[in-house]
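The values are calculated or read from the model by the stated rules, or taken from the named source; none is laboratory data. Here the structure is a predicted model, which is why all the values come from computation and not from measurement. Cβ atoms come from the backbone with ideal geometry, glycine included; neighbour counts cover every protein chain shown. Accessible surface areas use protein heavy atoms only, side chains included; no ligands, DNA or RNA. Shrake-Rupley method; radii C 1.70, N 1.55, O 1.52, S 1.80 Å.
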Amino acid sequence: MATTTNNKRLALVQAVSGLAFAVFSTLHLTNTMVSALGPGAYNGFQRVIRPFYQHPVVEILLVAVPLVVHVACAVISVKRRPRARKPPNLRLRLHRYSGYFLALVVFGHTAATRGIMLAFGVPPEFEGLSFSMAWMPQMFYPYYAMLALCGLYHTVYGTTQSLRLLGVRVPAAMSRGPRFWLPLAILGGCLVVGVLSFGGWLYAIEDPMQNDYARVYLEELGMGE
Ligand code: HEM
């Protein structure tokens, strides 16, 4: 009895923390898609939404705390999960695998973005992303594409499951079948195009090695030696 109640409570905390963080990740992934319209559009959009998600109250209550709580719940629920007789369906498996990838990289990603901004006063912005892709293309192309696609899938599927768990009626078509996969495929395509734009594949970009973020990495952090 106690275990079932605990598991229900854990699932509830995971759902609520996921929904809270989804406000940020939805804005954030939209920002990545907007990059296809140019560096000015990407930075302009980010400078409009940043004061919201970096407002101390929002950054703590809607970004940082929900993220840590959500990852902690995931670790506990994986530890508690009994071995399944048959593997879960593809959608649930993709949700778990994308969640594992995000849990693995999100704290390093936050350190390389928000951390650099707090330590050196330099927000990465379009230029910082284009630097990383020029500096280590074999790592950052697949990494940003995975971050974007895993983020998209985990946010969309997670939101439908969390709303259902909270008793909100979510039409079945929203989480399976063509009306689920088609929008995901289109949004996924927009994200990949957005990531390619940081590398200068859509339009000409400034020299990626000549900007404040590149200087922090190559000189202040000594990564250029
Ligand atoms: C859903 C997947 C993703 C998650 C969970 C995530 C998480 C985060 C977090 C927690 C921050 C710090 C936010 C803050 O300032 O408080 C951040 C910042 C940032 N991320 Fe991501 N990220 C994701 C996808 C991406 C992608 C795909 C890119 C680009 C390729 C990206 C580029 C950036 C940049 C440039 C910043 C700095 C934002 C700013 O200065 O305002 N992120 N990310």
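Under the classification rounded if a/c is under 1.5, otherwise prolate if a/b is larger than b/c and oblate if not, where does segment 79-163 fall, given a ≥ b ≥ c as square roots of the Cα gyration tensor eigenvalues?
On the way: a/c = 2.58, a/b = 2.20, b/c = 1.17.
It comes out prolate by the Cα gyration axes.
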Sorting Phe52, Ala119, Val65 by the position of each Cα along the dipole of the chain (Lys, Arg +1; Asp, Glu -1; all at Cβ), the one nearest the positive end of that ordering is Val65
Taking only C-alpha pairs under 8 Å that are 6+ residues apart, what is the relative contact order of the chain in percent?
31
For segment 1-121 the mean separation of alpha carbon contacts under 8 Å (6+ apart) over residue count, i.e. relative contact order in percent, is 31
Applying the Karplus parametrisation 6.51 cos²θ - 1.76 cosθ + 1.60 with θ = phi - 60° to the phi angles of segment 187-194, what ³J(HN,Hα) value in whole Hz is obtained for each residue in order, glycine and proline being reported as x?
5, x, x, 5, 5, 5, 4, x
Placing each pseudo-label 7 Å from Cα in the direction of the beta carbon, His55 and Trp201 end up separated by a distance in nanometres of 3.7
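Ignoring any ligand, DNA or RNA, what whole percent of the accessible area of segment 1-122 comes from carbon and sulfur when the probe is 1.4 angstrom? Walk me through the numbers before you get to the answer.
Numbers: 5240 of 7330 Å².
Answer for segment 1-122: carbon and sulfur cover 71 percent of the accessible area.
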Show log10 I(q)/I(0) for the chain at q = 0.08, 0.09, 0.12, 0.18 Å⁻¹, two decimals, from a solvent-free Debye sum over equal Cα scatterers.
-0.33, -0.41, -0.72, -1.43
